[in-house]
Amino acid sequence: MSSDNRPTRAQPRQRSAYRVFRPIGTRWADNDVYGHVNNVVYYSWFDTAVNAYLIEQGALDIHAGAVIGLVIETQCNYFAPLAFPETVEAGLRVAHLGRSSVRYEVGLFAQGQETAAACGHFVHVYVDRETRRPVPLPAALKTTLETLL
C-alpha cells in the first residue's frame, strides 16, 4: 500500500530476474479486436512455459506420471501490449518451493526486449494422479525446480 492507502502498482521486471527463457510464437488467433494479444492468452503462455520446461528436463510425465500439478492460483499484471506476429520470450523462475506446492513467476517479453510486457505467477499443487490428494514433490521434480529458485 502507498502512504495514502492506495494499492501500490506492480512494476515490470527486467530479463535478469528470470532463470530460463522459452520462445513462444504468437498466432493470428491470439489477437483480439483491439489489435493486441487478448489477456486470456497470457495464462496459456504461463502453462506452456512451465510445463514445457519440466517435460524437457525429464521432471514431469504428463501422460503416465503418478504425480500431476494442479493450478490453484494465478495472476498477471500487464505493462505493454504484445501482438501477432511477434515472438514472445517467457522468462521463468521459482519464487517459493514448498512440500507439495510451487509458486512459479513468469515474465513475458517481446523478443529481445529487456523489460517485461507482462509479469505474473501461478501456483501448482502437486497431487497423486488417482486420488487428487497433495503429495511431496518427487525428487527429480524438486531438483529441477531448485535450479529455478
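Every number in this text was worked out from the coordinates using simple rules, so none of it is lab data. Just so it is clear, the structure is predicted and the values come from calculations on it, not from any experiment. Ideal geometry is used to build each Cβ from the backbone, glycine not excepted, and the neighbour counts take in all protein chains shown.
Could you tell me the relative contact order of the chain? Use alpha-carbon pairs under 8 Å, at least six residues apart, and round to a whole percent.
RCO, the chain: 29 percent.
Using the Karplus curve 6.51 cos²θ - 1.76 cosθ + 1.60 with θ = phi - 60°, what ³J(HN,Hα) values do you get for each residue of the stretch 33-50, in whole Hz, with x for Gly and Pro?
Result, rounded to whole Hz: 5, 8, x, 9, 4, 5, 4, 5, 5, 4, 5, 5, 5, 4, 4, 4, 4, 5.
Using θ = phi - 60° and the Karplus relation 6.51 cos²θ - 1.76 cosθ + 1.60, list the HN-Hα couplings for the stretch 109-126 in order, rounded to whole Hz, with x at every Gly or Pro.
My calculation for the stretch 109-126 gives 10, 5, 3, x, 7, 8, 10, 5, 7, 8, 9, x, 8, 8, 10, 9, 10, 8 Hz in order.
Distance from a point 7 Å along Cα→Cβ of Ile62 to each backbone N in the stretch 15-49: keep the residues under 18 Å and list them by number.
21-27, 41-49
With charges only on Cβ, +1 for K and R and -1 for D and E, what is the dipole size of the chain about its Cα centre, in debye, rounded to 20?
380
Which net charge results for the neighbourhood of Asn77, defined as the other residues with beta-carbon distances under 13 angstrom from its beta-carbon, given Lys and Arg at +1 and Asp and Glu at -1?
Here the charged neighbours net out to +1.
Given only helices, namely DSSP H runs of n ≥ 4 each adding -39500 (n - 2.57), what is the per-residue ellipticity at 222 nm of the chain, to the nearest 500 deg cm²/dmol?
After summing the helix terms and dividing by residue count, I get -5500 deg cm²/dmol.
Please arrange Ser16, Ser100 by how many other C-beta atoms lie within 10 Å of their C-beta, fewest to most.
Ser16, Ser100
Under a Cβ-only charge scheme (Lys and Arg +1, Asp and Glu -1), can you give me the dipole magnitude of the stretch 33-99 about the Cα centre, in debye to the nearest 20?
Around 180 debye, computed over the stretch 33-99.
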